[in-house]
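Student: One structure follows; several queries about it will come next.
The values are calculated or read from the model by the stated rules, or taken from the named source; none is laboratory data. These numbers were taken from a predicted model, which means no experiment stands behind them. Using ideal geometry, Cβ is built from the backbone for each residue, glycine included, and neighbour counts are taken over all protein chains shown.
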Amino acid sequence: MRIGVLALQGAFIEHEKMLSRLGVDSFEIRQLKDLSQPMDGLIIPGGESTVQGKLLLELGMMGPLRDMISSGLPVFGTCAGLILLAKDIEGGEAPHLAAMDITAKRNAYGRQLGSFSFSGEFRGLGIIPMTFIRAPYISRSNGAEILAEVNGKAVAARQKNMLVTAFHPELTGDTSVHSYFLDMAQSSEKFPAAV
Ligand code: GLN
């Protein structure tokens, strides 16, 4: 099993560390040609969605990545990664990969709750630690299954080959969400490597 980690900006190293703790090989995706390497899944890290979106466009990676995801590549987006995957962003901002039937509300917790930790129920995993950093939440879902909520707001969801969390499991010691994603990747049909 080999997982590609989008490494343009943000907290990608933490995901690589998490994968290595789980005994899974990973590699960094920094440019278009990296997308032609065989991979069983892709992680889009937290960071700044506008910056990552701009870089994806400039590097010519947005279209190919969108095609790979719509062809079934298992993908896990955390925080900014959730925003990049959403088909809609509240406030009229143009979507980026526009792959998942959710609406993301950016920086949704206001200034006072810019960063906070919480222990909450994740469907199928029980109570897990959740670290939020200027996080979005999912304000609407049209086809995605909601997997976790905090104060009545959806903070994790899955739709087919796509998993998103508004929080950062890679910043906690808990490997369960990554394991959940690896199970998704394992059970998906083999994704053709060619871009
Ligand atoms: N606030 C960031 C954004 O809108 C997301 C923050 C994060 O990824 N921790 O892109």
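Student: Mind listing whichever residues of region 134-158 are hydrophobic (A, V, I, L, M, F, W, C) and surrounded by fewer than 19 Cβ atoms within 10 Å (Cβ to Cβ)? Before the answer, list the steps.
Tutor: First pass over region 134-158, keeping only residues hydrophobic (A, V, I, L, M, F, W, C): 135, 138, 144, 146-148, 150, 154-157.
If the condition is that a residue be hydrophobic (A, V, I, L, M, F, W, C) and surrounded by fewer than 19 Cβ atoms within 10 Å (Cβ to Cβ), then Ile146 is the only one that fits.
Student: Check Pro74, Pro45, Pro38 and return the single one that is more than 15 Å from the chain's Cα centre (by Cα) and either in contact (Cβ under 8 Å) with a residue 24 or more places away in the chain or within 27 Å of Met1 (Cβ to Cβ) (or both).
Tutor: Working: Pro74 fails: more than 15 Å from the chain's Cα centre (by Cα); Pro45 fails: more than 15 Å from the chain's Cα centre (by Cα).
Within the list Pro74, Pro45, Pro38, the selection yields Pro38.
Student: Another question, then. Out of everything in region 110-136 that is more than 12 Å from the ligand (Cβ to nearest atom), small (Gly, Ala, Ser) and part of a strand (DSSP E or B), what residue ends up being nearest to Ser179 (Cα to Cα)?
Tutor: Ranking the candidates gives Gly126 first.
Per-residue answers, yes or no, for (1) surrounded by fewer than 23 Cβ atoms within 10 Å (Cβ to Cβ); (2) closer than 20 Å to Ala157 by Cβ:
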site: Met1; (1), (2): yes, no
site: Lys33; (1), (2): yes, no
site: Ile43; (1), (2): no, yes
site: Gly47; (1), (2): yes, yes
site: Gly60; (1), (2): yes, no
site: Met100; (1), (2): no, yes
site: Ala104; (1), (2): no, yes
site: Tyr109; (1), (2): yes, yes
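Student: Based on this model, can you work out whether Leu85 counts as buried (at least 22 other Cβ atoms within 10 Å of the Cβ), in contact with a helix residue (DSSP H, G or I) (Cβ under 7 Å, 6 or more places away or on another chain) and under 25 Å from Ser70 (Cα atoms)? Walk me through it before giving the result.
Tutor: Values: buried (at least 22 other Cβ atoms within 10 Å of the Cβ): yes; in contact with a helix residue (DSSP H, G or I) (Cβ under 7 Å, 6 or more places away or on another chain): no; under 25 Å from Ser70 (Cα atoms): yes.
So Leu85 does not fit the description; no.
Student: Considering only residues that are closer than 24 Å to Glu48 by Cβ, in a loop (DSSP other than H, G, I, E, B) and polar (S, T, N, Q), which ones fall in region 152-186?
Tutor: Across region 152-186, the qualifying residue is only Thr172.
Student: Only residues in region 89-109 that are over 18 Å from Phe132 (Cα atoms) count as the first member; pair them with residues that are of a type in the set (Gly, Ala, Ser) and part of a loop (DSSP other than H, G, I, E, B), Cβ under 7 angstrom, at least 6 apart or cross-chain, and list the lot.
Tutor: Filtered contacts from region 89-109: Met100/Ala144; Asp101/Gly143; Asp101/Ala144; Ile102/Ala144.
Student: Filter region 142-166 down to the residues that are touching a strand residue (DSSP E or B) at 6+ places or on another chain (Cβ under 8 Å) and farther than 16 Å from Thr103 by Cα, then identify the one that is modelled with the lowest pLDDT. Outline the logic, then answer.
Tutor: Let us first name the residues in region 142-166 that are touching a strand residue (DSSP E or B) at 6+ places or on another chain (Cβ under 8 Å), namely 142-150, 153-159, 161-166.
Next, from what is left, pick out any that are farther than 16 Å from Thr103 by Cα: 150, 161.
Values: Val150: 94, Asn161: 97.
Taking the candidates together, the pick is Val150.
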